[in-house]
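Let me begin by presenting the structure, written as structure tokens, before commenting on it.
The values are calculated or read from the model by the stated rules, or taken from the named source; none is laboratory data. Because the structure is predicted, anything quoted here is derived from the model rather than measured. In this analysis, Cβ positions are derived from the backbone assuming ideal geometry, glycine residues included, and neighbour counts consider all displayed protein chains.
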Amino acid sequence: MSAMRTVDNTVQAAAGQSAVPATARILIADDSRLQRLMLEKMLNDANYQVISACDGAEALELYSREQPDLVVLDITMPLLNGIEVAHKIRCSEGDGGVVPIIFITGIDDGAYLQRCVDVGGDDFLGKPFNPVLLQAKVDSLLRFKRLYQEQLEQKRSLQKYQQAAAQEQEVAAALYNNILQADFLEAPNLRYSLSPMALFNGDVLLSAKSPGNQLYCLLGDFTGHGISASVGAGPAAEIFYGMVQKGFGAEEILTEINRKMHKLLPVNMFLAATLVTLNPESCTLTVITCGLPDHYLVNLRSGAIMTIASRNLPLGITAAFALQEQHFEVTQDDFLYMFTDGVIEAENLQGEQFGDQRLAACLARDAAGGFDLIKKELQRHCRDLQQQDDITLVALQCAVEDAPWIAAMQQEKHAQIMPLTWKSAMELHVTTLRHLNPVPVMVNSLMEVQGLHSQRESIFVIVSELFTNALDHGLLQLDSELKATSEGFIQYFQIREERLEEAIDGRIKVSFDHQPIDNGGRLVIRVQDSGQGFDSSQVYSRIDDNVGYFGRGIQLVKKLCREVEYSDAGNRVKAVFEWHI
């Protein structure tokens, strides 16, 4: 038979009394009625609620129904002995915690007591019973249980927090990647491998096509790795994609990214980066290196390997600095290999870095398959060693003959705006032109006014060519013949910068006049310079058979426009561009 006795729930607050709550319930299982009564009396006096069972089967039934806080079991009982009851209790326990079990025993056999421990017993109570010792054991085990449950709850809370944090990080990482990949141009001649050390990547790779059909690629490596290293990636990507799309040059793009990084990043962080511009018109590769490891320009036909070292500070260190560009004449046979320092510094089990020599050896061994060979050798070098940094490898084929990225570009969709009547004009002094390229500003103002996004590339080419001719040949009196060779092409721009700095007077005025026509609009572009003018026929040649570095601009403008007319010794030009809905 069983008996249940309820005692006062008041917590004993006197000094030296139990700190266990009075609501603790204890299950006693003993086939001796006298021993049950003695234990009940001792535990009731200690302010516990007691549940009694006379055999092992009833003990299991009461345990399942009442869920006591502690169990006291006699080892020898009918139906099920104490060891069997303890085993079944332990097997039925879930993640809610462990119920302490005290065995009543008068046996000193070590093997027998070991069986009690093996099935999950926590302590022993010898006969005859000592009330003080019983209360001490019960208090101690209940206190242990309470601490265990608190630890379990903390563990569950921590797991929930970790799960929530992981979900938030996954969402943030998805948004982060979407920002970086939103306008990423998957060009057929661009191969890359990005291996982040953590969920967030401190390395960034951005690729886009300009309105003038140049391919821009930016490889960057923020200080550190993980979330802290990726905080600047979003703003950098937004600047890069926005400015490339609007037609700004590489130096202007990096200058703006540097300004943003200097403002945004902590003093101990910076962005090592390389910005590459591949120009199919001039068959040139322009590289601005800012703190990344050496890059390599490899020619498949000759096997020549040119090392391109960094010439500029990483971005974000100083508010303003002068950027040094490197220009290279390239063909379809040239490949540019770029890396972040995670490739160079990747260590093997002996602590040896992969290093520049292994990189160069891979390229010398197989210039055509350098990308795959470096990945293979890097994996072999590191084997199963845990990755220590973000690793990014880029291979850019200088495909200037067919420019495959042009076909890969999808036209951005914008809402169509009905043709409107409007005019605008801008006059710029030569001192302003030293610091500002106004073409992207003017072209993008047309996009805002009339929404000519579908015509952006054509309009950009027209305005850029007319303005460049006015500046280079009208004001600065540069000779296009200098661009007959790759060396002359570079020299041309060096002289251009020198004359622009030396010029003390000169102006260029650009005006736009737009009128609606049937099913579209007519945009009249006028460019006038205050220089000596130039003979437009001297900077003109056919597109089809022109294999040089110059002379195709005016012919291209004529193909895009309904009318192109130079006057006043070349100081004035009028171009009429028509578009249709």
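For region 377-394, a residue qualifies if it is surrounded by fewer than 20 Cβ atoms within 10 Å (Cβ to Cβ) and either at pLDDT 90 or above or acidic (Asp, Glu) (or both), and the qualifying residues are 377, 384. Going by the structure shown, is residue 401 without any contact (Cβ under 8 Å) to a residue 60 or more places away in the chain, of a type outside the set (Phe, Trp, Tyr) and more than 30 Å from residue 531 (Cα to Cα)? Criteria not met by residue 401. Kindly indicate whether residue 446 is out of contact with any Lys or Arg (no Cβ under 6 Å at 6 or more places or on another chain), closer than 22 Å to residue 567 by Cβ and touching a residue at least 60 places away in the same chain (Cβ under 8 Å). No; evaluated as a whole, the condition is false for this residue.
Residues of region 87-116 that are more than 53 Å from the chain's Cα centre (by Cα) and either exposed (fewer than 13 other Cβ atoms within 10 Å of the Cβ) or at pLDDT below 85 (or both): 105, 106, 107, 108, 109, 110, 111, 112, 113, 114. Taken across region 500-507, residues that are surrounded by 15 or more Cβ atoms within 10 Å (Cβ to Cβ) and closer than 21 Å to residue 324 by Cα do occur, with at least one present. When restricted to residues that are in contact with a helix residue (DSSP H, G or I) (Cβ under 6 Å, 6 or more places away or on another chain), of a type in the set (A, V, I, L, M, F, W, C) and within 18 Å of residue 302 (Cβ to Cβ), region 361-394 contains 2. Taking region 137-192 as the search range and keeping residues that are among the acidic types (Asp, Glu) and at pLDDT 85 or above, which one is farthest from residue 374 (Cα to Cα)? Result: 139. For region 258-267, check the following and say yes or no: at least one residue is in contact with a strand residue (DSSP E or B) (Cβ under 6 Å, 6 or more places away or on another chain) and either of a type in the set (Gly, Ala, Ser) or surrounded by fewer than 23 Cβ atoms within 10 Å (Cβ to Cβ) (or both). No, region 258-267 contains no residue that is in contact with a strand residue (DSSP E or B) (Cβ under 6 Å, 6 or more places away or on another chain) and either of a type in the set (Gly, Ala, Ser) or surrounded by fewer than 23 Cβ atoms within 10 Å (Cβ to Cβ) (or both).
Does any residue of region 321-337 turn out to be buried (at least 16 other Cβ atoms within 10 Å of the Cβ), within 29 Å of residue 443 (Cα to Cα) and modelled with pLDDT of 95 or more? No: region 321-337 contains no residue that is buried (at least 16 other Cβ atoms within 10 Å of the Cβ), within 29 Å of residue 443 (Cα to Cα) and modelled with pLDDT of 95 or more.
Residues in region 317-338 that are in a strand (DSSP E or B) and touching a His at 6+ places or on another chain (Cβ under 7 Å): 336, 337, 338.
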